[in-house]
Amino acid sequence: MIINEGSPRESFDWQGIKTRLSRAQESLRSAENLSESQIKLLMAERSRQLARVPERVIDTSELIEVVRFRLGSEEAAIETRFVLALMRPQSITPIPDTDDFFLGLTNLRGEITAIIDLGCFLGLSGQTQRDSQVLVLGTEKPECAILVDELEHVTTIRKQDIREPSGGLGSVVDLLVGCTADAVMILDGDALLRCDRIYIDQNDQP
């Protein structure tokens, strides 16, 4: 055996080694003194731990984030990626000879944008209050704004929990992704922003 003269024997923690050995021996003695019932309990707990199924990590691609809001007596939602801002209606210029759901035009971030009463547009019962909130919709810039009675909250929904929309909704079905179990309509942001009915050819305006 070769001993390095630069490493004195005192560098070994003999007392620490003795302490660890003593603790190990004590654990063994304690295990030997366990009763049969205690051993069965320990084995049962060990079996439960081994059989425990790890919690499934939800893939974020299975979820969509939505803004929920109220339209009269109905509840609806739209993905947050289509919502640019929340505001109160200001300086709305009425548009003559347009559908009832058109409230008028306003300037949003330098863009002349139409504000529509979404509840009226979808043919839902009840009437949205004119002092309600406005959700500004678009992807890169304001494309339209919808009047809603009350903004509820932002939440996530599992795609597999979205049901097919009811056929009783008529033409509105084309603007829906589906409905939740608690009857919240999930609007299809892409379809809504592509809908020709919510846009006005400003060249036709006086």
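What follows draws every value from the coordinates through simple rules; no lab data is involved. The shown structure was predicted, so the numbers you read here are calculated from the model rather than taken from an experiment.
Summary table below
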| quantity | calculated |
| --- | --- |
| Prolate/oblate/rounded label for segment 82-127 (Cα gyration tensor, a/c 1.5) | oblate |
| Spherically averaged projected area of segment 67-151 from its Cα convex hull (nm²) | 5.1 nm² |
